[in-house]
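Data block below; observations after.
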Amino acid sequence: MTTTAAEQASGIDSEFDRGTAVVRRADPAAGPDPVVYDAELDGGWRIGGGINGGLLLALAGRALADHLGTAAGHADPISVSGYYLSASRPGPAEVRTTAVRTGRTLSTGTAALFQQREDGTPVERLRVLASYGDLSGAEQDVRTSATPPELPPVEQCIGTEHAPPAFLKSADLLNRLDLRLDPACVGWALGKPSGEGRIQGWLRLKDGRQPDPLMLLLAVDALPPTTFDLGLPGWTPTVELTVHVRARPVPGWLRVVHSTRNLAGGFLEEDAEVWDESGRLVAQSRQLAVVPRLG
């Protein structure tokens, strides 16, 4: 008897692991590629007009971790790029993964996330190209001039319960996160954005689930968009998101900073850095997003 993605997720304690659960579809007639996984997109990870892009990237990343981990022992995301083709909705989904190349150090694969339209025809939501490896050697030969963001202590930062009600109403995923923003970056919530295009704060999962490489794919897209700090409220759909995972995070809080330097032609770039409690830079990302429309 085949276990569905929803049934498998129901037995998992962590909301993140339930939200990214995938079940490899058994099809003896199929060849080795593509491998097909069934999933269930949970509306509790909704932001704006669809499911959060970081959560979707982590879900596709979990399918690739299973595929490339089984094929070559490469289960850790190293570089993951996702192109968002249409807004994902709560409900069943399908992930198709293909191993492009398996090597000694890295394996590269693709993943495509599909849902069905009301008429039953498939629609692609997300296309991913990623390289996977083994992060166990990431502690060796670390040379960096990067420094973690200076943040007030967690207890002096602002929880999401103080966010504008209109924002909370369209951001169900905040109920799954323990997010504490730097008070210097929340003027937008009071109608006084700084105009610097920078938002930073402390992040962990509310249910106590500790960070790992897959969770970092969510963390880089978990803070409010930097457009808020530019005085541009509204949904900021992601066009493309690339994440570089640099190390396995230690347990505890993550320090996350988002910033933008260029808004032009209706698009902006948003850069993110994620630091763990040891002070190690564990993930970096850049995404291209659509500027919210005013009026």
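The values are calculated or read from the model by the stated rules, or taken from the named source; none is laboratory data. Since we're looking at a predicted model, the values are computed, not measured. All Cβ positions, even for glycine, are placed from backbone atoms using ideal geometry, and neighbour counts span all protein chains on display. Surface accessibility is based on the protein's heavy atoms, side chains included, excluding ligands, DNA and RNA. Shrake-Rupley method; radii C 1.70, N 1.55, O 1.52, S 1.80 Å.
Is it true that some residue in the stretch 264-278 is among the small types (G, A, S) and touching a residue at least 60 places away in the same chain (Cβ under 8 Å)? No, the stretch 264-278 has no match at all. The number of residues in the stretch 203-254 that are farther than 22 Å from W188 by Cβ and part of a loop (DSSP other than H, G, I, E, B) comes to 15. T98 satisfies every condition listed in (1) open to solvent by 40 Å² or more (accessible area, probe 1.4 Å); (2) closer than 20 Å to Q284 by Cα; (3) in a strand (DSSP E or B) except (2). Residues considered: A166, A189. Of these, the only one that is open to solvent by 30 Å² or more (accessible area, probe 1.4 Å), at pLDDT below 90 and in contact with a helix residue (DSSP H, G or I) (Cβ under 8 Å, 6 or more places away or on another chain) is A189. A search for C-beta distances below 7 Å between a residue of the stretch 112-130 that is farther than 10 Å from V95 by Cα and part of a loop (DSSP other than H, G, I, E, B) and any residue that is basic (K, R) and open to solvent by 80 Å² or more (accessible area, probe 1.4 Å), counting only pairs 6+ apart in sequence or on different chains, returns nothing. Determine, yes or no, whether L218 is modelled with pLDDT of 95 or more, surrounded by 22 or more Cβ atoms within 10 Å (Cβ to Cβ), of a type in the set (A, V, I, L, M) and out of contact with any Asp or Glu (no Cβ under 9 Å at 6 or more places or on another chain). Yes: the conditions hold for L218. Select from the stretch 222-245 the residues that are within 13 Å of the chain's Cα centre (by Cα), surrounded by fewer than 22 Cβ atoms within 10 Å (Cβ to Cβ) and within 13 Å of L268 (Cβ to Cβ) and list them in ascending order. Matches in the stretch 222-245: E240 only.
Annotation: of all residues in the stretch 169-179 being open to solvent by less than 60 Å² (accessible area, probe 1.4 Å) and in a helix (DSSP H, G or I), the one that is modelled with the highest pLDDT is R176.
At pLDDT below 95 and within 22 Å of R286 (Cβ to Cβ), is that true of I78? Here the answer is no, as I78 does not meet what is asked. The residues listed here are L85, L59, L55; of these, the one that is within 18 Å of the chain's Cα centre (by Cα), open to solvent by 10 Å² or more (accessible area, probe 1.4 Å), in contact (Cβ under 8 Å) with a residue 40 or more places away in the chain and within 23 Å of W235 (Cα to Cα) is L85. Against the conditions (1) at pLDDT below 95; (2) touching a helix residue (DSSP H, G or I) at 6+ places or on another chain (Cβ under 9 Å); (3) assigned to a loop (DSSP other than H, G, I, E, B), P152 satisfies every one except (1).
Residue by residue, here is whether (1) modelled with pLDDT of 95 or more; (2) in contact with a Cys (Cβ under 9 Å, 6 or more places away or on another chain) holds:
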residue: L181; (1), (2): yes, yes
residue: A184; (1), (2): no, no
residue: L232; (1), (2): no, no
residue: W235; (1), (2): no, no
residue: S259; (1), (2): yes, no
residue: A264; (1), (2): no, no
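Here L106 fits the description: farther than 19 Å from R209 by Cβ and touching a strand residue (DSSP E or B) at 6+ places or on another chain (Cβ under 8 Å). Under the condition of being within 14 Å of L216 (Cα to Cα) and out of contact with any strand residue (DSSP E or B) (no Cβ under 6 Å at 6 or more places or on another chain), the residues counted in the stretch 254-295 number 2. Could you tell me which residue of the stretch 270-291 is farthest from the chain's Cα centre (by Cα), considering only residues that are under 19 Å from D229 (Cβ atoms) and surrounded by 18 or more Cβ atoms within 10 Å (Cβ to Cβ)? Here the answer is V291. If only one of R248, R198, R261, R209 is within 24 Å of A63 (Cα to Cα) and open to solvent by 50 Å² or more (accessible area, probe 1.4 Å), which one is it? Going through R248, R198, R261, R209 in turn, the sole match is R248.
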